[in-house]
Amino acid sequence: MPVLLFCFLVLFCAVGVESGGRTLLGARDHRYKDGDHVPLFANKVGPFHNPSETYQYYDMPFCAPTDVKHKSEDLGEVLEGDRMVTTLYNVTFKTNKTSERLCSVKLNPKAISKFKTAVEQDYYFQMFFDDLPLWGFIGKIPEEKRYLLFTHVHFDVKYNEDRVIEISVSTDPNQAVDITTEKDLEVEFTYSTKWESTETAFEHRMEKYQKYSFLPQHLEIHWFSIINSCVTVLLLTGFLATILMRVLKNDFIKYTNEDEEDPEETGWKYIHGDVFRFPPYPNIFSAVIGSGTQLLVLVFFIFGLSLVGVFYPYNRGALNTACLVIYALTAGISGYVSAHLYRQMGGESWVRNLLLTGSLFSGPLFLVFCFNNTVAIAYRSTAALPFGTIVIIAIIWALVTFPLTVLGGIAGKNNKSEFYAPCRTNKYPREIPALPWYRNTIPQMCMAGFLPFSAIYIELYYIFASVWGHKIYTIYSILFIVFIILIIVTAFITVALTYFQLAIEDHDWWWRSVFCGGSTGFFIYGYCYYYYYVRSDMTGLMQTSFFFGYMGCVCYGFFLMLGSVGYRASLVFVRHIYRAIKCE
């Protein structure tokens, strides 16, 4: 117990305390008097179409204070690539400013070339004003093919009594400098502020970001399309369920009322002595089921937090922190499920099983991270994690995740319950008859993954536009309903294919149920290619490696999670049908 308390203390100290994702100022710090300085932090800049490719604000030759101070970030914000620094903007509470000089900068050809590249790639900047996010573009290229650098920034601020409620930023095209010619140029940067009163309460100031995206544009959810997709899937599953139940009913009648003149068993009853024979590679199999079960619990926890309002728009640091913490704290689930199943299968390599379970998902994720972080370091991007953050994550894994996996494994190993099999397993396995090509694993996976994917593909665009773009997704209730439908459809289609497999006397259903259940992950990864090349404007090595690398890990996680769902659904079904007949 002291060890566990120490682990939780390390985890708490490493992650920090967050409120809604971003480390908020205290309640008193959000109140100001007339003329008080309101903190304005610059965060990052980057190409608008490459959301992962972000750089520190002062990597661009902007006006910088002589002593730039960095705002402390928690772990979730660092994972998000936030690097907030102080600025020269002196925005005071309720003080209107028409045109305030920020600074004058003499740009050499190298600095102008950097600005031209930024304008050409639609660079944006992000700032935080009293913990409220704001964005703006660095410049633009008009029809005359000239490069214009915005030199004036205007802040519209709304307040309610002594609190800031809303802020927006705009740039004036009439106050822009032509930087088409790369020569020495003196540029003066200015800003202005306008304060207006509003009746919006401080507690509701984040609701604005739930309706608009970066530009902002209203995020429209196609309700009709979602309902139509759900109804279609439910009708298909209902139709297949009706057929399957009628076939099973006929099978039960046939097998319980056999004529004495025709005692030969056929169909799925014929292989009752082999259907509960444990699969090959039980170590890997149990690790897959354990890891998939942990990820399923993780997803439900994340949905629970989102439904109660823990996450709010444009503060994904909370989501990063929640995923890291919950994954660490649920590691005992994977260890218990894997070790218990492995013991039931007669396994004895406990150390290998625990090591495999602990690294089955985190191992590939670590390799992808190493590659992507190396690319980000080469780009000098803020997406590259500092060495200290990497050490903190390693400590969390070493002192929390892995110990809990071991403790869960010990508990699973000491659980003496045996595997329940309604039928006795024969000593020697029956030979599986020759199967047509469409009965093989890959064609079956294609059929199994298509129906669940059709239940979620509409939502995928909005999720991708939020994670890999600047739109937001806040309708978590619909996403949760779609996820539940995904689980139900995956379970049902896997059960149906398992029945068809047993009906042709193929008793090797264990691994097949995992592959068929998890095949939706391959469809999602295929959609990634469609989204990247057709629906988005992402380019470059860094953005490509981040997108396909981390989406590969997400789809691999879906494979493990839905594979465990398919296996458990098939196991319940197989036990049910063989318990209903007499097996000698």
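The values are calculated or read from the model by the stated rules, or taken from the named source; none is laboratory data. Keep in mind that this is a model prediction, so the values were computed, not measured. Note that each Cβ is placed from the backbone with ideal geometry, even for glycine, and that neighbours are counted across all protein chains shown. Please note that ligands, DNA and RNA were not included when accessible areas were found on the heavy atoms of the full protein model with its side chains. Shrake-Rupley method; radii C 1.70, N 1.55, O 1.52, S 1.80 Å.
Which one is least open to solvent (accessible area, probe 1.4 Å) among residues in segment 512-530 that are of a type in the set (Phe, Trp, Tyr) and under 25 Å from Cys370 (Cβ atoms)? Here the answer is Tyr525. I need a count of the residues in segment 320-361 that are surrounded by fewer than 20 Cβ atoms within 10 Å (Cβ to Cβ), part of a helix (DSSP H, G or I) and either among the small types (Gly, Ala, Ser) or touching a strand residue (DSSP E or B) at 6+ places or on another chain (Cβ under 7 Å) (or both). Going through segment 320-361 one residue at a time, the tally reaches 1. Whether any residue in segment 209-221 is of a type outside the set (S, T, N, Q), assigned to a loop (DSSP other than H, G, I, E, B), at pLDDT 85 or above and open to solvent by 80 Å² or more (accessible area, probe 1.4 Å) is what I want to check. Checked against the condition, which is being of a type outside the set (S, T, N, Q), assigned to a loop (DSSP other than H, G, I, E, B), at pLDDT 85 or above and open to solvent by 80 Å² or more (accessible area, probe 1.4 Å), segment 209-221 yields no hits at all. When you scan segment 448-462, do you find a residue that is without any contact (Cβ under 8 Å) to a residue 60 or more places away in the chain, open to solvent by 30 Å² or more (accessible area, probe 1.4 Å) and out of contact with any strand residue (DSSP E or B) (no Cβ under 8 Å at 6 or more places or on another chain), even just one? The answer is no, given that none of the residues of segment 448-462 is without any contact (Cβ under 8 Å) to a residue 60 or more places away in the chain, open to solvent by 30 Å² or more (accessible area, probe 1.4 Å) and out of contact with any strand residue (DSSP E or B) (no Cβ under 8 Å at 6 or more places or on another chain). Looking only at residues of segment 438-463 that are under 23 Å from Gly563 (Cβ atoms) and of a type in the set (Phe, Trp, Tyr), we find that the one that is modelled with the lowest pLDDT is Tyr457. Applying the condition of being part of a loop (DSSP other than H, G, I, E, B), open to solvent by 50 Å² or more (accessible area, probe 1.4 Å) and among the charged types (D, E, K, R) to segment 144-190 and asking which residue is nearest to Pro133 (Cα to Cα) yields Glu161. The set of residues from segment 382-398 being hydrophobic (A, V, I, L, M, F, W, C) and either open to solvent by 60 Å² or more (accessible area, probe 1.4 Å) or touching a Lys or Arg at 6+ places or on another chain (Cβ under 9 Å) (or both) comprises Phe387, Ile395, Trp397.
Sub-9 Å Cβ pairs linking a first residue in segment 229-251 that is on the phi > 0 side of the Ramachandran plot to a second residue that is in a helix (DSSP H, G or I) and modelled with pLDDT of 75 or more, at least 6 apart or interchain, number zero. Within segment 537-571, being open to solvent by less than 20 Å² (accessible area, probe 1.4 Å) and not in a helix (DSSP H, G or I) holds for one residue alone: Met538. Would you please name the residue that is nearest to the chain's Cα centre (by Cα), looking only at residues in segment 405-440 that are assigned to a loop (DSSP other than H, G, I, E, B) and among the polar types (S, T, N, Q)? That would be Asn440. Of the residues making up segment 501-514, those that are assigned to a helix (DSSP H, G or I) and over 27 Å from Gly557 (Cα atoms) are Leu502, Ala503.
Per the listing Leu541, Leu497, the residue uniquely aliphatic (A, V, I, L, M), modelled with pLDDT of 90 or more and more than 22 Å from the chain's Cα centre (by Cα) is Leu497. All told, Thr193 meets the bar of being part of a strand (DSSP E or B), on the phi < 0 side of the Ramachandran plot and out of contact with any Gly (no Cβ under 7 Å at 6 or more places or on another chain).
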